[in-house]
Amino acid sequence: MMLRRCARRARSLYGLKRCHSTNKRKPKVSQDVSLGIKMNLNLSWIAENAENVQENIQRRGGDVSAFEVRDLYSAILLQKKQCESIRAERKAIARKMQNAKSLTEEERKAIIERAQFLKVSLTEEEAKLHAKETEILEKASRIPNSTSEHSPLDKPRLIECINADEVREEKIEEGRIGHAQLGESLGILDFGSTSKVAGTSQACYLKNQGALLELALVNFTMSHVIKKGFTPIIVPDLARRTIVERCGFQPRGTENLDSQLYQVEDSDLCLIGTSEIPLAGMLAGELLDEEKLPNKAVAFSHCFRKEAGGGGKEGGLYRMHQFSKVEMFVFSTPENASEHFQEIVEIQKEIFNALELECRVLEMPANDLGASAYRKVDIEAWMPAMGIYGEISSASECLDYQSRRLDIRFRLQPGRHTNTEYTSQSGKTAYVHTLNGTACAIPRTIVAILEQHQSRDGSRIHIPQALRP
């Protein structure tokens, strides 16, 4: 009886069932409890390439240290070995206790004391491991994406012009009426009334032909992109904050996410700043069949941004707290991602050419890329009354930056090879590459139409043929 009690007491400390369970259990730090989606950053690659990663961070103006991540990664490997060593000893003790009858009282007592010590030690060491894994994910998630060799260092590079032979000097054209003043005089824009309703000048009523112009732009753009094989989607205007962060929206410097997006009080929901967020999140946690790639979507949505300090030259419709946008998004295999990036840029050029807008196409520099972007091309329209080229579209290639954070993978066929940098730990799946591009940011496109297509006296606006019934 006494032997059985000792055996039960020992098993309560290091029982075989618990030992096996503990051995199989994986740390939960890579899984957000509120979201239930794993974040699988390529920590070993970062550690092995810390010097190049740090150089890229500095090039892009980041404030995180790849060397700290490398050191944490090494410490985690050692910590895991420590935990495994304790588990192995607990298993060995459990095996000894299976033959408790052959042990003396002193031996049983020593084993039980050792088991108690190991149980406490394992709890402490696992807590240390958990803390280190939480810290490394917090730091590593702030490391920006790699940078394409196409991206200049610090200044945009002109790729080409649309509906123009060369780039203009940026100065106000005499005789041009600003879009806000022109829109008010034509009765298609109403900024004054918004203060009574929205309490801000960064909002506008579109009236009469102004409202029809927005609808025509949405309809034309959606139709054009759908013909290219994109699936039309209307996305939610709300997204969980975790999804927003995992898509790579990381304000620089002293700013934080709250300075850019509207948070719903007492909730983890944000109003989206772009439909890229719900489009990327749509397949979060999914394992896809390769034959179903690429997955191409085009979405219409409202977008909400705080746009602090958006006055002066860039007032009116140029910076709005709420605006409409048509966005393209692609989930691709790694091998075909660059091809889809070029496809997105070509579609953008077709749209603005059809709208008869004078634009320039720019390869954006490393210091202008968002955290998720590997490469970015912007299209800027000439805005003569403002005397500037204003961004009306951008396209970004994001490699596996978003898919690793959102755990979006595809099955590799037997014998199928891909860059091991993009494969999962099992080697049987790989992370998709994501790409996005603005098909039409409605308010800024209206700015360009009003300023470029106005008559000399400002009494009429030329509507591009593509928008006419």
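Remarks
- Of all residues in the stretch 32-76 being in contact with a Leu (Cβ under 8 Å, 6 or more places away or on another chain) and part of a helix (DSSP H, G or I), the one that is farthest from ALA366 (Cα to Cα): ILE76
- Apart from one condition, GLU149 fits all of (1) in contact with a Lys or Arg (Cβ under 8 Å, 6 or more places away or on another chain); (2) surrounded by fewer than 19 Cβ atoms within 10 Å (Cβ to Cβ); the exception is (1).
- Criterion: in contact with a Leu (Cβ under 6 Å, 6 or more places away or on another chain), of a type outside the set (Phe, Trp, Tyr), within 25 Å of VAL298 (Cβ to Cβ) and open to solvent by 20 Å² or more (accessible area, probe 1.4 Å) - qualifying residue of LEU269, LEU215: LEU269
- Of everything in the stretch 327-375 that is open to solvent by 20 Å² or more (accessible area, probe 1.4 Å) and hydroxyl-bearing (Ser, Thr, Tyr), the residue that is farthest from the chain's Cα centre (by Cα) is SER338.
- Taken together, the residues in the stretch 265-298 that are hydroxyl-bearing (Ser, Thr, Tyr) and over 15 Å from the mean Cα position of the chain (by Cα) amount to 1.
- Residue among GLN260, GLN202 that alone is within 15 Å of ARG305 (Cβ to Cβ), within 17 Å of the chain's Cα centre (by Cα) and at pLDDT below 95: GLN260
- Lone unmet requirement of (1) under 30 Å from SER44 (Cβ atoms); (2) at pLDDT below 95 for CYS398: (2)
- Meets criteria (among the small types (Gly, Ala, Ser) and either part of a loop (DSSP other than H, G, I, E, B) or buried (at least 24 other Cβ atoms within 10 Å of the Cβ) (or both)) for SER459: yes
- Test: TYR73 is at pLDDT below 90 and of a type in the set (Phe, Trp, Tyr): no
- Selection of the stretch 212-239 for residues being under 21 Å from ILE446 (Cβ atoms) and free of Cβ contacts under 8 Å to residues at least 12 places away in the same chain yields LEU212, LEU215, ASN219, SER223.
- ILE159 meets the stated requirement of being open to solvent by 30 Å² or more (accessible area, probe 1.4 Å), touching an Asp or Glu at 6+ places or on another chain (Cβ under 6 Å) and not in a helix (DSSP H, G or I).
- Qualifying residues in the stretch 172-201 (those that are within 14 Å of ARG460 (Cβ to Cβ) and without any contact (Cβ under 8 Å) to a residue 40 or more places away in the chain) - the one surrounded by the most Cβ atoms within 10 Å (Cβ to Cβ): ILE188
- GLU138 open to solvent by 20 Å² or more (accessible area, probe 1.4 Å), without any contact (Cβ under 8 Å) to a residue 24 or more places away in the chain and not in a helix (DSSP H, G or I): no
- Only one of SER424, SER394 that is under 23 Å from GLN348 (Cβ atoms) and surrounded by fewer than 24 Cβ atoms within 10 Å (Cβ to Cβ): SER394
- Number of residues in the stretch 96-121 that are open to solvent by 20 Å² or more (accessible area, probe 1.4 Å) and either within 19 Å of CYS83 (Cβ to Cβ) or outside any helix (DSSP H, G or I) (or both): the value is 9.
The values are calculated or read from the model by the stated rules, or taken from the named source; none is laboratory data. In this text, all values refer to a predicted model and were calculated from it rather than measured experimentally. Neighbour counts run over all protein chains shown; Cβ positions are idealised from the backbone, glycine included. Just so you know, the surface numbers come from the protein's heavy atoms only, side chains and all, with ligands and any DNA or RNA stripped out. Shrake-Rupley method; radii C 1.70, N 1.55, O 1.52, S 1.80 Å.
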